[in-house]
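Worksheet: the structure to be examined is printed underneath.
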Amino acid sequence: MQARLRRLTADYEQVQRLFAQHPYIQLLKTEGNPPDRYTFAINVSGLAPTGTETFVPSSTHQAEVFLPLDYPRRPPFCRMLTPVFHPNIDPQKICIGDHWSAGQSLGQMVIRIAEMICFQSYNLKSPLNAEAAAWVEKNISLLPRRKADLSGTL
């Protein structure tokens, strides 16, 4: 079996185990055999934009992860399917590239996305959403930070 196919199979098996009973993250859908596209439900407190410079609390989110042909050497492509107000998330992309390494598992990356949504993780120095970064910098005490351990059983 090709190295990429082994990795895709291993990632799929790990994601199924990790998120089968996870309290905050569920695997909703996959595409491919073995899968190279995933849709996850992430149920954590975050912020959803409602217009220019306005947002509301939101606790139901969906993210899509696509594993390119040169995965795991290159990072997955990740995007939110539901709107999220966050410095490192824009409508077309979730910024994971600064932290990606081929040794990281797909499950670890999805948990990091959940941590980003609930503001356990963010980078104000290299934002995708400058408006969100400026707001976070001025209103850090208002962030909906979930203190729960999102790691499951990694």
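The values are calculated or read from the model by the stated rules, or taken from the named source; none is laboratory data. Given the structure is predicted, the values throughout are model-derived calculations rather than measurements. Cβ coordinates were reconstructed from backbone atoms using ideal geometry, including for glycine residues, and neighbour counts include every protein chain displayed. With ligands, DNA and RNA removed, areas are computed over all heavy atoms of the protein, side chains included. Shrake-Rupley method; radii C 1.70, N 1.55, O 1.52, S 1.80 Å.
For the chain, what relative contact order do you get, as a whole percent, if you take Cα pairs closer than 8 Å and at least 6 residues apart?
20 percent
Need one number: nm distance between label points at residue 123 and residue 138, each 7 Å from Cα along Cα→Cβ, rounded to one decimal.
Roughly 2.5 nm, to one decimal.
Quick check on the chain: take the gyration tensor over C-alpha atoms, sort the square-rooted eigenvalues as a ≥ b ≥ c, and tell me if it's rounded (a/c under 1.5), prolate or oblate.
prolate
Classify segment 5-81 as rounded, prolate or oblate, taking a ≥ b ≥ c as the square roots of the eigenvalues of its Cα gyration tensor: rounded when a/c is under 1.5, otherwise prolate if a/b is larger than b/c and oblate if not.
Note, shape of segment 5-81 comes out oblate.
Springs between alpha-carbon pairs under 10 angstrom, Gaussian network model over the chain: which of 86, 61, 22 fluctuates most?
22
Rounded to the nearest 20 Debye, what is the dipole magnitude of segment 1-60 about its Cα centre when Lys and Arg each give +1 and Asp and Glu each give -1 at the C-beta?
Charge dipole, segment 1-60, about its Cα centre: 260 debye, nearest 20.
Could you tell me which of 47, 5, 117 has its Cα farthest along the dipole of the chain towards the positive end, charges placed at Cβ (Lys, Arg +1; Asp, Glu -1), taken about the Cα centre?
Toward the positive end, the furthest listed residue is 5.
Report the full-extension gain for the segment residue 62 to residue 148: residue separation times 0.36 nm, less the Cα-Cα distance, to one decimal in nm.
Result for the pair: 29.1 nm of gain on full extension.
In Å², and per residue, what accessible area does the chain have when probed at 1.4 Å with the other protein chains present?
About 53 Å² of surface per residue is accessible.
What ranking, highest mean first, results for peptides 122-129, 74-81, 111-118 when packing means the other Cβ atoms within 10 Å averaged over each residue?
Those peptides, ordered most packed to least, come out 111-118, 74-81, 122-129.
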